[in-house]
Amino acid sequence: MTRHIYIILIAFLTACGTPSADKKEAEINSAKIVTTTNLQTNVATDISLAEDTTDYNNATYLVVVADTSQDYSMLHKKMFDLSSKLKLSIDTMGRFYNKTKNLIALPDNDEDEIYAGDYYPRRFPSDNLSLEYLDFYQRPAGEKTIALVTGIYEKEKSADSALTVLQKTEKKVFKIKADIYVGCMH
């Protein structure tokens, strides 16, 4: 039965194709097994996984933001200006501003049927420019506040380096330590 649990856990964790699925699988395979022994008969009566407090669905990343606004057009223009000025790539992830829905969204006919026509956030480390909803990274932000994200970083040193470069041209740049959901969104 325990072997079946391992197989189910491994299949579940790898089904969504998260970048660290191989690492998660290795950690699950090496999880400690605790055997409780009945002292009178010295027979193993229960095998269970040791308590694992690792949260595979969330990661703490540092998000560098050049500016925020509720004006998509202004930030969109600024994103292209920054890209040109600092030679940074833009990754829209196929999203655009849907005026009818007043939403940064994937196209209605996107191959991802669950998120087609809806917002899908940037969640993994990269040093690309994109426009995102700030409340995904910073909970108290206004619901429709848009952030010009210049990068998501795993290491503070990398985020600080990006911040230093951006501070030379952007007055409003800041860094957020964000707990980001990186689990399966389907």
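At a glance:
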read-out: Environment charge of Arg122, counting only residues whose C-beta is closer than 13 Å and scoring Lys/Arg +1, Asp/Glu -1; value: -1
read-out: Filtered trypsin sites (Lys or Arg not before Pro), the stretch 57-145: DSSP coil and at most 10 other beta carbons within 10 Å; value: Lys87, Lys99
read-out: Stretch gain in nm, segment Met185-Phe96, where the contour uses 0.36 nm per residue and the Cα spacing is subtracted; value: 30.0 nm
read-out: Quotient of C-alpha Rg and 2.2 N^0.38 Å, computed over the stretch 141-181; value: 1.24
read-out: For the stretch 90-130, diffusion coefficient by Stokes-Einstein and Kirkwood Rh (Cα), 37 °C, 0.692 mPa s, µm²/s; value: 307 µm²/s
read-out: Karplus 3J(HN,Hα) series, Hz, for the stretch 92-97 with 6.51 cos²θ - 1.76 cosθ + 1.60 (x for Gly, Pro); value: 7, 6, x, 8, 8, 8
read-out: GluC sites (Glu not before Pro) within the stretch 142-184, DSSP loop, no more than 11 other Cβ atoms inside 10 Å; value: Glu143
read-out: ³J(HN,Hα), Karplus 6.51/-1.76/1.60, whole Hz, each residue of the stretch 117-133, x for Gly, Pro; value: x, 10, 6, 10, x, 7, 10, 10, x, 5, 10, 9, 7, 7, 9, 9, 7
read-out: 20 Å Cα-Cα threshold exceeded, pairs from Lys144/Lys172; Lys85/Lys171; Lys77/Lys144; Lys101/Lys172; Lys157/Lys177; Lys85/Lys172; value: Lys101/Lys172
read-out: Calculated FRET value between Lys77 and Asp55, using beta carbons and R₀ = 35 Å, to 0.05; value: 0.35
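None of the figures in this text is laboratory data; all of them are computed from the coordinates on show. Just so it is clear, the model here is predicted, and its values are computed rather than measured. Quick reminder, even Gly has a Cβ in these numbers, built from the backbone with ideal geometry, and neighbours come from all protein chains shown.
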